[in-house]
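Working notes, beginning with the structure itself.
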Amino acid sequence: MNVNESCFGLFIDVNNNLYCSLKNLHQVVKLSLNNGTTIPTIAAGNGSAGSLSNMLNSPQGIYVD
């Protein structure tokens with residue numbers, strides 16, 4: 001997975017998607033492990049810290065339901 005910083009938390013769901021929380025970038029990114037790509041997509045957060053519905057504030061541990 002190509003990201004601009006270290007993953008703080010990792011989670012793999014039942015569909016074989018890898019989620020990585022980027023604490024200092026205030027985002028969670030998602031990577032499908034089934035299709036061979038190394039470029040993740042943004043799953044949550046817009047890159048700014050905050051409490052609005054489109055923002056995260058230093059995400060750490062992660063669980064996807």
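No value in this document is a laboratory result; all are computed from the given coordinates. Predicted, not measured: the structure shown is a model, and the values here were computed from it. Cβ atoms come from the backbone with ideal geometry, glycine included; neighbour counts cover every protein chain shown.
Side notes on the structure shown:
- Considering residues of region 19-41 that are aliphatic (A, V, I, L, M) and in contact with a strand residue (DSSP E or B) (Cβ under 6 Å, 6 or more places away or on another chain) only, the residue surrounded by the fewest Cβ atoms within 10 Å (Cβ to Cβ): Leu33
- Taken together, the criteria place Leu18 among residues that are free of Cβ contacts under 8 Å to residues at least 40 places away in the same chain and part of a strand (DSSP E or B).
- Filter result for Gly36 (more than 11 Å from the chain's Cα centre (by Cα) and in a loop (DSSP other than H, G, I, E, B)): yes
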